[in-house]
Amino acid sequence: MIIKAFAAELSLLLATPLLVISVSPITSVAQGKLYSPIPLPPSLQVSDTLSDKDIPTGQGGFARDYSVKLYAGDDVAIELTSDSFDTIVTLLAPNGSTVGENDDGPDGTTNSLLFVRITKTGTYIVRVHAFGETGVGPFKLKVSRLRPIQSNNH
């Protein structure tokens, strides 16, 4: 009886730390690799390609995310154009909430144009995705900080 009790306590003692040690680091590493938005370059524009290797949207399509630092009071225009798919651009706040989204811009094409005023400084996500299930291909993304027109009163 003593040997059985000792063996049960020993196996419990050995199994518990191994379970905690082996699960925790693997989960952290896997989560780091699953989501990593691409920083926008200083020009705040890219020419890139949406592919089936990007983030699945859950609706049959894919998305590619870019990170950009925006400041409270910024008026921002985000342009997304593609000849290969019907674009949708979404701006996500640092907390993950949707700040704005645009499917078709005012020019009558399927390109996207989104205007937003930033209320809180932080790192935002610009999400490029396609309307429908099959949209992939090359695209151009441009983020512009709009500035008021300076008037010269004489």
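Every number here is computed from the coordinates shown, using simple stated rules; none is lab data. Every value quoted in this text rests on a predicted model; they were computed, and no experiment measured them. Counting neighbours? That spans all protein chains shown, and the Cβs are built from the backbone with ideal geometry, glycine included.
Applying both filters, DSSP loop and at most 15 other Cβ atoms within 10 Å, to the GluC sites (Glu not before Pro) of the stretch 46-154 gives Glu133. Full extension of the segment from Ile38 to Asp103, taken as 0.36 nm per residue of separation minus the current Cα-Cα distance, would add 21.2 nm. Calculated translational diffusion coefficient of the stretch 38-146 (20 °C, 1.002 mPa s; Stokes-Einstein with Kirkwood radius over alpha-carbon pairs) equals 156 µm²/s. With a Cα cut-off of under 20 Å and a minimum spacing of 8 residues unless on different chains, the lysine pairs in the stretch 38-146 number 4.
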